[in-house]
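This report concerns only the one structure given below.
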Amino acid sequence: MSSRHALVIGLLVLTLVLPAAAAAPPSRVPANVLVFGGVISDSISLDPAEAFEFASVWVANQIYDTLVDFSRDFTRAVPKAAASWTASADLTTYTFRLRPGMRFHSGNPVTAGAVEFSIRRAHRLKLSPSFIVTDFIKAPEDVAATAPDTVRVRFSQAMPEVLMASVLANAVTGIVDPAVVQRNATPADPLANKWMADHDAGSGAYELIGWSRNLKIELKAFDNYWRGRPPMGRVFIQEILEPTAQLLALQRGDIDVALSLLPSQVAQLTPQSGFIVKKTPTFSIRYLAMNVGYEPFRSRQVRTAIKFAIDYEAIKGIFENAIEVGETIVPAGMFGHLPDRPYSKNLDRARALMREAGLERGFNAELIVSTEIPLPDVAAKIKEDLAQIGINVDVKVLRSADVTSTYRARTHQFVIARWGADYPDPDNLAKAFADFDSRVLAFRNQWDHPVKQVVQAAVKERDQARRAAMYRDIQKVVLDEGPYVIFAYPLRQIGMRANVRGVDPSPLNITYDFSNASK
Amino acid sequence: MWSYLVRRLLLASVAIAGVLVIVFFLSHVIPGDPVGAILGPQAPQDLIDDLRQRYGLDRPLYEQFVRFVERLAHGDLGTSLATKRPVIRDLIEFFPATIELATASILLGVVVGVSVGVISAVTHGRWIDHAVRFFSLIGLSMPVFWLGLILLYIFYFKFGLLPGPGQLDVFLTRPPFVTGMVLVDSLIARDFDTFGNAIHHLWLPAIVLGSHALVGIARITRASMLEVLGLDYIKVARAKGLAERTVVFKHALRNALLPIITVIGIYYGGLLEGAVLTETVFSWPGLGRYATSAILSQDFAAIMGVTILIALIFSLANLVVDLAYGILNPKIRYE
C-alpha cells in the first residue's frame, strides 16, 4: 500500500471513528420548541381513563389536570385543580374546593360537575388503570359535586393524604370536559372512549394537536393555563425506537431530550460535549421469586440461604450500573422505605443454612426469565451463584407473555420478575408482596404469612409516623422470611442538551410534568 | 387466459382459507394468555377475566373460530387486543408505509441488481466480475440491523446528507389521508415540500431493506445471463456483426429475464410482509413491527389480519409473476 493510500484510509477511519467526543453541533430545533425522542408505539390511548402505558400516561398528564398533585418528595398532596381540601375525621371523605377561573382547552369552565363526571366515567369504563379508582372508591356515586366549585369524594377506607393523592393525582382521574365528551359520544360508545383515544378534552398545560401512531405526538402550549402559559410553545414526542438512533439524533441536534438511552450510551453524554444526564431511581423493583408451593422453598432456611448465595454487586455490573442495589420491597425515595441491606454474598453462611434445612446435597429447580436484556444474563449469574450451594438451576428463557402466564398460574419454581408501583404509596407494594389475600405476588408465590394483617391495617392508619413504622415492620418481615430476593431498583436516565431546563425524570410516569420546561 | 386467471384466483382462495385455518388453530395451541400478556403482570385478575369475556376468549376454540369466520364474511377482522382498535384500521394505517418502503427497496434492487448482474456477466472472469461477486457476498452476509446503524451513522450523523429516523421530519404534518402512502398523498395534496422530505427519509431504509434483494437479483441476473450468453443464437448474433449492446440487452437480457422475474416476485412479496429490523432502526411505522408485536403478545385478531394480508400478497405476487412470463415469452401459453 502506498503512503498516499494509507493516508486516505487513515483519514477515512478518523472521520468515522472520532465523532461523538466532539462538541454538540448547534440544535436544529427552534428555541420555543421542545422535541423528545423516545418510544411511543406502546401507547394505546390518550384517554385518561385508559392511558396505562409509559408514554400515554405521561402525555395524558400534560393534557389533563388532576385534583391534586404529589409533593416532590411524595410525602404529601399539593394543590392542582383543587385549591384546597378538607378531610373528615375518619379520613374516608374529602371535600375539594376548585381553583377559580380554570378553563378547559375548549374554553368551557372547569367545574365540580366535570370532576364528578370524569371520575365516574373512569369508574364506569372499567379499563386498564380503573382499579386505581375502584380499589378505593366503591361506587361512581361516591364522587359528587355538592356545589359548582365543590366536589366530595367518599372513599371505601381511611385514606391518609399520600394515599388519597395516589388516586386523585393519578392520570386515570384526569378531569375531562363533559361537553366535549358528550358531543363525541355515540350510542355504541356513550362515554366517547374511542374518540378520546386521540383527541383532547382537557385543561392541562398543553393541548393535543395530533398523534400519528408510531411516529409522533404533537402538543401546543395552552394560553389560558392556570399556572400561566408554558414557556415551550410546541412539544413533540418523536418515535425513535432504537437507542443508538436516539443518541445520534440528540448529538446531531434533531431532538432535545432522549428518553431511552442504554447505560453505555449515557456515559458518552458529558457537560463538556454540551449534554447532561438526569437520573432517578424508579419506584420499581427487580426481584427473584421462589414459589413456596415447591417443596424446598417451603423452608425459610433455604430461602435465606439463597439470599446469602447471590452476588448482588455482580448483578449491578450486569445492569451496567443502571440500578441501585436495594433489598426491601418499598423502593428508595418512597414514604416508609427501609434502607436495610442485610444480605451480601456469604457462601459459608448459605451452606450452613442449607445444612440446617437438611438439604446440604442441594436440589434441582427451574428458573424462568423473559428475553428482556439483560435478564437472561442475570439468570445465568444466579445459576452460577446457586450452584455453589448445591442448587442446580435450569434456566428457561421465555417470551415475557409466557413468563407472566406461568407466574399467574403459579406453576413456576424460580422466576425473575419486576414490579412497578402503580401509585407512590407503600400500600401498593406491601399489598403485592405481602398480602396473600390481595391475590397478587404473595398469592402467586403461595406465601400466606400473618404479616398480611399488618398490611391491611397499615393502609387505614391515620398517624403518618405510626404508618411509616408499620411499613418498615412489613419490609423487615418480608426481608427476613419472604420468598423474594430483591436485587435492584432500576434507574431512569434521560439524556438532554445542556440548555434544557425543567425536564426531570420522575420515579413514576404519572408524575412527569414539563409545564415549566424551557431552554 | 381468462379461464386461467379465474382458476388461479380460485386456487388462491382455497390456499388462503387453508392458511387461515392452520394459523388460527396453531396460534391458539401455543401456550400463554394473551389478555395477561397485554395487560401485564400487575393487572388484577378481575380485569383480565373481564377483558377475556369482552373479547370472547373465554369461549371454546371451535366457537371462537366460527365467530371469526362469521365476522370475516362481513369484512370484519375483529379488534386488536393490543391496540384496542379494529384490525382493519390498523392494517390500513400501517400497511401503506410498508408498501412505500418495499416498493422503493425493490425498485432499487431491480435497477441496481440487474445492472450489476449484467455487468458482472459480460465481464465474466475479469476483476469487475470478481469485485461484484465479492461485494455480493458481503452484502448477503451483512446483518440488516448493523448495516442500518452504520448507514445512519455515516449519512445522517457524520455527513448530514440524509435525514434520521422516521418517515418525515418531525415538524412536518402528514398530508391528508387518501392512500396512506405519504409520497402519493403529498403529491395528491400538491405538497411538494413534504414529498421531497419523504423521499429523503426513504433513501436509507430502502437501501438497507433492499440490500439483500439487490444482491439476490444481481446474482441471479449474472447466472442467468451467463447461461444465455453461451447459447448458439448469441454466437450467431455476434457473428452477424450486431453491436454488443444489442446482443446483450435485446437478445440476451430479454431471454434471461424469466428467472429474474421469479426472484423479483418472491423478494417483493417478502418485502411487503414488513421488515421488523429495518422498521426498528429507522422508526418506520410499518407492518413488520405490528406483526411482530402481535405474535409476541398473542394478539389473535391482529395475527389473523396480518396472515390474511400476507397470504393475499403472496398469491397476488405469484399470479403477477406467472402472467409476466407470458408477456416476456410469447411461447408460454396459459391453459
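The values are calculated or read from the model by the stated rules, or taken from the named source; none is laboratory data. These numbers come from a predicted model, not from an experiment. Here the Cβ is made from the backbone with ideal geometry for all residues, glycine too, and neighbour counts use every protein chain on show.
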Quick check: is even one residue across segment A:41-48 more than 15 Å from residue A:149 (Cβ to Cβ), at pLDDT 90 or above and more than 11 Å from every other protein chain (Cβ to nearest Cβ)?
yes
Output for segment A:106-155, where each listed residue is within 25 Å of residue B:35 (Cβ to Cβ), in contact (Cβ under 8 Å) with a residue 24 or more places away in the chain and more than 14 Å from chain B (Cβ to nearest Cβ)
A:121, A:137
For segment A:192-215, which residues satisfy the criterion of being within 14 Å of chain B (Cβ to nearest Cβ) and either more than 30 Å from residue B:287 (Cβ to Cβ) or part of a helix (DSSP H, G or I) (or both)?
A:193, A:194, A:195, A:196
Test result for residue B:246, buried (at least 17 other Cβ atoms within 10 Å of the Cβ) and hydroxyl-bearing (Ser, Thr, Tyr):
no
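Here are B:148, B:117, B:180: which of them is in contact with an Asp or Glu (Cβ under 9 Å, 6 or more places away or on another chain) and within 23 Å of residue B:212 (Cα to Cα)?
Working: B:117 fails: in contact with an Asp or Glu (Cβ under 9 Å, 6 or more places away or on another chain); B:180 fails: within 23 Å of residue B:212 (Cα to Cα).
On inspection, the qualifying residue turns out to be B:148.
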Among the listed residues B:51, B:101, B:91, which satisfies the condition of being free of Cβ contacts under 8 Å to residues at least 60 places away in the same chain, among the hydrophobic types (A, V, I, L, M, F, W, C) and touching a helix residue (DSSP H, G or I) at 6+ places or on another chain (Cβ under 6 Å)?
B:51
From the option list A:403, A:455, A:415, single residue qualifying as within 13 Å of chain B (Cβ to nearest Cβ), crowded, with 23+ Cβ neighbours inside 10 Å and either in a helix (DSSP H, G or I) or on the phi > 0 side of the Ramachandran plot (or both) is A:403
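Taking segment A:137-159 as the search range and keeping residues that are in contact with a Phe, Trp or Tyr (Cβ under 8 Å, 6 or more places away or on another chain) and not in a loop (DSSP other than H, G, I, E, B), which one is farthest from residue A:83 (Cα to Cα)?
The extreme case among them is A:142.
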Would you check which residues across segment A:60-107 are under 18 Å from residue A:227 (Cβ atoms), out of contact with any Gly (no Cβ under 7 Å at 6 or more places or on another chain) and aliphatic (A, V, I, L, M) and list them?
A:67, A:68, A:77, A:78, A:81, A:82, A:83, A:98, A:102
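Could you check, for segment B:132-142, whether at least one of its residues is under 21 Å from the mean Cα position of the chain (by Cα) and crowded, with 22+ Cβ neighbours inside 10 Å? It would help to see each step written out before you state the result.
Of all residues in segment B:132-142, those under 21 Å from the mean Cα position of the chain (by Cα) come to B:136, B:139-142.
Retained after the next criterion (residues that are crowded, with 22+ Cβ neighbours inside 10 Å): none.
There is no residue in segment B:132-142 that is under 21 Å from the mean Cα position of the chain (by Cα) and crowded, with 22+ Cβ neighbours inside 10 Å.
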Among the residues of segment B:208-223, is any under 23 Å from residue B:112 (Cα atoms), without any contact (Cβ under 8 Å) to a residue 60 or more places away in the chain, away from chain A (no Cβ under 14 Å) and surrounded by 19 or more Cβ atoms within 10 Å (Cβ to Cβ)?
no
Among the residues of segment A:11-31, are any of a type outside the set (Phe, Trp, Tyr), modelled with pLDDT under 85, touching a helix residue (DSSP H, G or I) at 6+ places or on another chain (Cβ under 9 Å) and outside any loop (DSSP other than H, G, I, E, B)?
yes
Just for segment B:273-306: of the residues that are away from every other protein chain (no Cβ under 11 Å) and assigned to a loop (DSSP other than H, G, I, E, B), which one is surrounded by the fewest Cβ atoms within 10 Å (Cβ to Cβ)?
B:273
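Being in contact (Cβ under 8 Å) with a residue 24 or more places away in the chain and at positive phi narrows it down to one of B:109, B:113, B:78, so name that one. Break it down into steps so the answer makes sense when it comes.
Working: B:109 fails: at positive phi; B:113 fails: at positive phi.
Exactly one of B:109, B:113, B:78 is in contact (Cβ under 8 Å) with a residue 24 or more places away in the chain and at positive phi, namely B:78.
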Can you confirm whether segment B:197-204 contains a residue that is within 10 Å of another protein chain (Cβ to nearest Cβ), within 19 Å of residue A:41 (Cβ to Cβ) and either out of contact with any strand residue (DSSP E or B) (no Cβ under 8 Å at 6 or more places or on another chain) or at pLDDT 95 or above (or both)?
no
Total residues in segment B:123-176, condition more than 23 Å from residue A:253 (Cβ to Cβ) and at the interface with chain A (Cβ under 8 Å from one of its Cβ atoms)
1
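Scan segment A:273-307 for residues that are over 30 Å from residue A:501 (Cα atoms) and surrounded by fewer than 18 Cβ atoms within 10 Å (Cβ to Cβ) and report the count.
6
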Report the residue count in segment A:160-211 for those that are surrounded by fewer than 21 Cβ atoms within 10 Å (Cβ to Cβ) and either in contact with a Pro (Cβ under 8 Å, 6 or more places away or on another chain) or of a type in the set (Lys, Arg) (or both).
2
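For segment A:84-102, indicate whether the set of residues that are closer than 18 Å to residue A:192 by Cβ, polar (S, T, N, Q) and touching a residue at least 40 places away in the same chain (Cβ under 8 Å) is non-empty.
The initial filter retains those residues of segment A:84-102 that are closer than 18 Å to residue A:192 by Cβ, namely none.
No.
In the list A:269, A:261, A:241, which residue meets the criterion of being at the interface with another protein chain (Cβ under 10 Å from one of its Cβ atoms), modelled with pLDDT under 95 and assigned to a loop (DSSP other than H, G, I, E, B)? So that I can check it myself, show each step before the final result.
On the way: A:269 fails: at the interface with another protein chain (Cβ under 10 Å from one of its Cβ atoms); A:261 fails: at the interface with another protein chain (Cβ under 10 Å from one of its Cβ atoms).
Matching residue, one of A:269, A:261, A:241: A:241.
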Where residue A:220 falls short, out of the listed (1) within 12 Å of chain B (Cβ to nearest Cβ); (2) surrounded by fewer than 22 Cβ atoms within 10 Å (Cβ to Cβ); (3) at pLDDT 95 or above:
(1)
Can you confirm whether residue B:170 is crowded, with 18+ Cβ neighbours inside 10 Å, at negative phi and in contact (Cβ under 8 Å) with a residue 24 or more places away in the chain?
no
Selection count where residues are basic (Lys, Arg) and either free of Cβ contacts under 8 Å to residues at least 60 places away in the same chain or not in a helix (DSSP H, G or I) (or both), scope segment A:469-511:
3
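Between B:119, B:154, B:128, which is buried (at least 17 other Cβ atoms within 10 Å of the Cβ) and among the hydrophobic types (A, V, I, L, M, F, W, C)? Talk me through it step by step, then tell me what you get.
Details: B:154 fails: buried (at least 17 other Cβ atoms within 10 Å of the Cβ); B:128 fails: buried (at least 17 other Cβ atoms within 10 Å of the Cβ).
None of the other options fit; the residue is B:119.
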Out of segment A:506-518, which residues are out of contact with any Phe, Trp or Tyr (no Cβ under 7 Å at 6 or more places or on another chain), crowded, with 21+ Cβ neighbours inside 10 Å and not aliphatic (A, V, I, L, M)?
A:514
